[in-house]
1. With +1 assigned to the C-beta of every Lys and Arg and -1 to the C-beta of every Asp and Glu, and no other charges, what is the dipole magnitude of the chain about the Cα centre in debye, to the nearest 20?
2. Comparing 114, 166, 138, which has the greatest mean-square fluctuation in the GNM of the chain with Cα pairs linked when under 10 Å apart?
3. Give the order of 48, 243 when sorted by the count of other beta carbons within 10 angstrom, beginning with the fewest.
4. With unit charges on the beta carbon (Lys/Arg positive, Asp/Glu negative), name the residue among 28, 50, 192 whose Cα is farthest towards the positive pole of the charge dipole of the chain.
5. Which percentage, to the nearest 5, of the DSSP beta bridges contained in the chain is antiparallel?
6. For the stretch 1-95, compute the orientation-averaged projected area of the C-alpha convex hull (one quarter of its surface), in nm².
7. Over the Cα atoms of the chain, each weighted equally, I'd like the Debye log10 I(q)/I(0) at q = 0.12, 0.14, 0.17 Å⁻¹, rounded to two decimals.
8. Kindly express, to the nearest 10 degrees and within the range 0 to 90, the angle between helix 161-170's C-alpha long axis and the longest C-alpha principal axis of the chain.
Amino acid sequence: MSRSSEAHEVIQAALNEFGPELAVLTSFQREGVVIVDMVQRVAPGTRVLTIDTGRLPEATFDMMRTIEQRYGLAIERIQPDPAEVATMVETQGINLFRDSYPQRVLCCQVRKVRPLAKRLEGVPAFFAGLRRAQSDTRADIEIVDRSSKPVKISPLADWSADDVLRYTSDNHLPEHPLYAAGYTSIGCDPCTRAVAAGEDERAGRWWWETDEAKECGLHFSPDGKVERKVDVLLREILERASV
C-alpha cells in the first residue's frame, strides 16, 4: 500500500469516528497543505484552523488566501489574548524570545499554546502535519495520539520529505513562498530563517539557541526546571493582564 493510501485510510477512519467536529490545524507548510488537500477530497468543508500569533511573515498570509481560494474555505485564525500579549511585551520586551530559552517558551505559550488550547476545547480531534523524520523530538509521535486532548492525528507520521514533495508535485499543490527562499520549516517571522546545505530541516527555527529542544510547547514538554521558570513568568503575565 502506498504512503498516500495509508494516509487516506487514517483520515477516513478519523472522519468516521469523530465526524464533522474534526478540524485540520496547519501553518501552511508543505505537510499541512497535503493534509488539507487529502481531507478536503474526502470531506469538503472540514474546518481549517491556523494560529495567527501576530508575528507571522506576510508570505504566510498570502498562502492562507491561496488555500482559501483553491478549496473555497474560510480559514479560522486563532489569535492570542490581546491583554496577555500587551502585558508580556510591556514587561519582557517585544523580542523577549532572544533573551533566554524560558522567555522564548513563554512567548510561544502566550501567542500559540494558550490560544490553541482554548480554541480546541470541545473539539474531539484534529489533524496535524507532523512527521517523525522532522526532528529527534518527533521521532516517536503516534499516528493517532489518544493521550492528547483533543486526540491528535498525524496521517503523515511515517512520510519522508520526499514523500511530501512527491504528493505536492503530483497534485499540483501550492507551496509556501518562503520555500523558494531556502526555508525548510516556517513559523513566526523573527524566529525562522533559511537553512544552509546539510542543515537539519528544523535548523532554521530558533537558531540562536544551543543545546535546547527546538519545540514551541505544542508538541513537546520542556524539562522540569525550565517549565517551572516558564510557569513563574506566565503567572506574572496572567496576573498583570487580569488587572
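Computed from the coordinates by the stated procedures, all read-outs in this text should not be read as laboratory data. Since the model is a prediction, treat every value here as computed from it, not as a measurement. Counting neighbours? That spans all protein chains shown, and the Cβs are built from the backbone with ideal geometry, glycine included.
1. 400
2. 166
3. 243, 48
4. Positive-end residue among those listed: 50.
5. Counting DSSP beta bridges with both partners in the chain, the antiparallel share is about 20 percent.
6. Taking a quarter of the hull surface, the average projection is 7.7 nm².
7. -0.70, -0.96, -1.43
8. Roughly 50 degrees between the two axes.
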